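Student: Starting off with a structure, shown below.
The values are calculated or read from the model by the stated rules, or taken from the named source; none is laboratory data. None of these values were measured; they are calculated from a predicted model. So basically every Cβ, Gly included, is an ideal-geometry build from the backbone, and we count neighbours across all protein chains shown. Surface accessibility is based on the protein's heavy atoms, side chains included, excluding ligands, DNA and RNA. Shrake-Rupley method; radii C 1.70, N 1.55, O 1.52, S 1.80 Å.
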Amino acid sequence: MRAKVVYFALAAVLAVYFVLVGSRGVMLIQQGTAITVAFGVSVLVLPFIGAWFLYQTTRFARDANRLARELEAEGGLPVDELVRTPGGRIDRDSADAVFARRRAETEQAPGDWRSWFRLAVAYHDARDTPRARKAMQRAIALHDGRPVRTADVA
């Protein structure tokens with residue numbers, strides 16, 4: 001719950017920032033000179049890029065949480081069987097062993113979104129965030145019946 005509150009607080013701050021930057025862009029355009037108009041247009045592009053990124057990130061998190069709730073209801077969430085250091089960090093060898101099992105499971109059922117979800121968790125535990133995100137995107141696409149790009153294979 002704390003993570004959601006922090007996420008929405010930061011998203012609200014970011015939205016306010018977009019409005020402030022956008023207003024500066026409009027002010028620059030209103031100056032009317034060639035340079036200020038060019039800068040104003042450039043400045044206006046930034047909030048649109050930021051808003052698109054915020055939307056994509058929010059949609060990804062919402063979809064991943066939806067899959068997690070569904071998998072939890074089925075009793076299929078991966079069990080936390082990882083060995084941890086005294087400081088609470090995940091032991092690398094333990095994460096690698098779990099990852100190997102999840103990868104084999106996914107290779108046996110490449111069309112099952114559940115196995116891709118569990119593989120994404122294993123990638124995350126192994127500290128490979130880019131591949132974890134791609135595996136989760138594939139799980140979401142498989143769940144929703146959308147075509148999966150072959151370049152997104154983890």
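Student: Under a crude label model (7 Å from the Cα following the beta-carbon direction), how far is A11 from Q56 in nanometres?
Tutor: So the label points at A11 and Q56 sit 1.7 nm apart.
Student: P(r) for segment 79-154: what percent of alpha-carbon pairs falls in each 10 Å bin, starting at zero?
Tutor: 21, 49, 22, 6, 0
Student: While we're looking at this one, here's another question. In a Debye calculation with equal point scatterers on the alpha-carbon sites of the chain and no solvent, what is log10 I(q)/I(0) at q = 0.10, 0.11, 0.18 Å⁻¹?
Tutor: -0.53, -0.61, -1.07
Student: Still on this structure, I have one more. Relative to a virtual label point 7 Å from the Cα of A104 in the Cα→beta-carbon direction, which members of segment 61-82 show backbone nitrogen distances below 18 Å?
Tutor: Inside the label zone: 78-79, 81-82.
Student: While we're here: Compute the accessible area per residue over the chain, keeping the other protein chains in place, probe 1.4 Å, unit Å². Spell out each step's value before the answer.
Tutor: On the way: 10320 Å² over 154 residues.
Result: 67 Å² per residue.
Student: Let me ask something additional. Rolling a 1.4 angstrom probe over the protein chains, ignoring ligands and nucleic acids, what is the accessible area of R69 in square angstrom, nearest 10?
Tutor: Accessible area of R69: about 140 Å².
Student: I would also like to ask the following. Roughly how many Å is it from the Cα centre of segment 1-37 to that of segment 92-126, as a whole number?
Tutor: Each part's Cα centre sits 39 Å from the other's.
Student: With each pseudo-label sitting 7 Å past Cα toward Cβ, what's the A97-E72 distance in nm, one decimal?
Tutor: 2.7
Student: Where does the chain land at 222 nm, in deg cm²/dmol rounded to the nearest 500, when only DSSP H runs of n ≥ 4 count, each adding -39500 (n - 2.57), divided by all residues? Mind dumping the intermediate values first?
Tutor: Values: 5 runs with 117 residues, N = 154.
Dividing the helical sum by the residues of the chain leaves -26500 deg cm²/dmol.
Student: Right, another one. Please report the carbon-and-sulfur percent of the accessible area for segment 1-120; probe 1.4 Å, protein heavy atoms only, DNA, RNA and ligands left out. The partial results should precede the final answer.
Tutor: Values: 5510 of 8280 Å².
Within segment 1-120, the accessible surface is 67 percent carbon and sulfur.
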